[in-house]
Amino acid sequence: MNRLNEEDSILFYKLFFLIIDYVNYKKDVDPSLIFRPDQTADVNKIIKVADVLWENPVMIDRFLRTEGKDLTSREKKILKSWKKRIRGSFILERHLKNGSIFLSEDNKVYEVKGIVSTWDEMFSYRKPPIWLEGTLIPFEDCIISDGLVFERPIYFRGGAKQMMKNNYMNAKKNGEIITAL
């Protein structure tokens with residue numbers, strides 16, 4: 001499957017908003033950001049808090065020590081794994097049956113699953129390659145994003161597309177596609 005199942009996507013958002021709420025409170029990023037089930041939070045405010053979290057992954061350990069007592073061992077393990085995040089620019093090169101291929105700035109090739117929607121569904125209006133900015137995080141045995149990925153309005157021509165395709169094909173041939181962090 002090229003996205004998380006419904007149970008896992010719900011779990012991701014539960015954990016993500018718990019840690020975002022904690023970081024926001026502890027670092028006083030935006031006191032007006034309050035999570036309520038009956039309203040949608042401002043994504044720009046969430047981005048500011050997520051930036052603080054990813055710059056200070058030690059906040060995950062602090063959260064688990066002070067607030068994580070009621071979490072299951074699975075939930076704690078997932079949160080701890082997020083310290084292995086990868087931030088930066090990526091090229092979404094193609095969509096596959098089990099995820100979409102992201103090329104990093106250091107020429108690594110990642111297979112990334114969607115959370116609720118597939119990457120193909122999210123970018124159905126545009127064919128790859130697509131330049132994205134974001135954070136990749138582990139979710140058990142796969143890679144997802146933190147849900148805060150943004151497209152750069154840049155279009156690639158033949159030579160660049162071929163270079164990206166070659167990067168993917170070489171990684172595939174050599175068994176170097178990264179499917180877990």
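Of note:
- Test: residue in the stretch 22-30 that is at pLDDT 95 or above, surrounded by 10 or more Cβ atoms within 10 Å (Cβ to Cβ), of a type outside the set (Lys, Arg) and closer than 22 Å to ASP8 by Cα: yes
- Boolean, LYS27 is over 28 Å from THR118 (Cβ atoms) and touching a Leu at 6+ places or on another chain (Cβ under 9 Å): yes
- Considering the stretch 113-148, and only residues there that are assigned to a helix (DSSP H, G or I) and of a type outside the set (Asp, Glu), the residue that is surrounded by the fewest Cβ atoms within 10 Å (Cβ to Cβ) turns out to be MET122.
- Lone qualifier among LEU18, LEU103, LEU79, LEU11 - being assigned by TED's automatic domain parsing to the domain that holds GLN162, touching a residue at least 40 places away in the same chain (Cβ under 8 Å) and under 22 Å from ASP141 (Cα atoms): LEU103
- Hits in the stretch 55-112 (condition: charged (D, E, K, R), within 20 Å of SER9 (Cα to Cα) and not in a strand (DSSP E or B)): ASP70, ARG74, GLU75, LYS76, LYS77, LYS80, LYS83, LYS84, ARG85, LYS97
- Cβ-Cβ under 8 Å pairs, at least 6 apart or on other chains, the stretch 155-181 side at negative phi, far side of a type in the set (Gly, Ala, Ser) and part of a helix (DSSP H, G or I): ILE177/ALA171; LEU181/SER81
- Just one of the numbered conditions (1) in contact with a strand residue (DSSP E or B) (Cβ under 9 Å, 6 or more places away or on another chain); (2) at pLDDT below 95; (3) over 18 Å from HIS95 (Cβ atoms) is not true of GLY158: (1).
- For the stretch 1-58, the set of residues classified as in contact with an Asp or Glu (Cβ under 8 Å, 6 or more places away or on another chain) and of a type in the set (Gly, Ala, Ser) consists of ALA50 only.
- For the stretch 149-173, a tally of residues being surrounded by fewer than 16 Cβ atoms within 10 Å (Cβ to Cβ) and under 28 Å from TRP82 (Cβ atoms) returns 4.
The values are calculated or read from the model by the stated rules, or taken from the named source; none is laboratory data. The shown structure was predicted, so the numbers you read here are calculated from the model rather than taken from an experiment. Ideal geometry is used to build each Cβ from the backbone, glycine not excepted, and the neighbour counts take in all protein chains shown.
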